[in-house]
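First comes the structure, then the notes that go with it.
What follows draws every value from the coordinates through simple rules; no lab data is involved. Since we're looking at a predicted model, the values are computed, not measured. No Cβ is skipped: glycine too gets one built from the backbone with ideal geometry, and neighbour counts run over all protein chains shown.
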Amino acid sequence: MNKKITDKDKKAWQEFVNSKEKLYDKDQQFSKKNLSNSEKTIDLHGFNLKEANTEIEKFILTCFEKGIYKINIITGKGSRSKNIEDPYQSKDLSILKHSIPNYIKENKDLMNKISKIDFDSVSNPNLGSFYITLKKKNG
């Protein structure tokens with residue numbers, strides 16, 4: 001399609017280019033910056049139990065302070081954990097998938113900031129992550 005640009009179009013374009021007026025960014029409401037404040041993810045692969053507990057506590061407290069309302073916690077399924085082979089360890093609580101939700105549930109300070117833990121995802125053997133919904137920060 002070969003359409004000739006008219007003098008009127010050229011003039012309108014030149015006025016637009018020379019204008020100091022800013023255009024409204026209609027996509028601004030959907031920008032990643034705005035979406036990033038609603039949900040965060042933490043991946044705990046490679047952490048031992050103590051490190052994971054420390055990290056998850058800091059992460060939840062930071063997210064709560066920043067007004068983030070949904071957290072995705074990636075723990076892995078625990079299918080490659082060497083703890084399964086040790087008869088002296090708890091199969092469930094030595095694997096992050098089960099121990100992290102238990103740690104959170106037993107921590108009263110964290111539970112005061114949480115409105116929901118998705119225990120159905122924790123129980124599902126096919127999933128290696130779960131969500132937490134945080135309460136709104138007062139003030």
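Details
- Note on N18 and E39: with the Förster distance fixed at 35 Å, the Cβ-Cβ geometry gives a FRET efficiency of about 0.25.
- With a cut-off of 13 Å between beta carbons, the residues surrounding I104 carry a summed charge of +1, where Lys and Arg count +1 and Asp and Glu -1.
- Using the Cβ of A52 as centre and a radius below 13 Å, the other residues enclosed give a net charge of -1, where K and R count +1 and D and E count -1.
- Fully extended contour minus Cα-Cα distance, from K4 to K135, at 0.36 nm per residue: 41.2 nm
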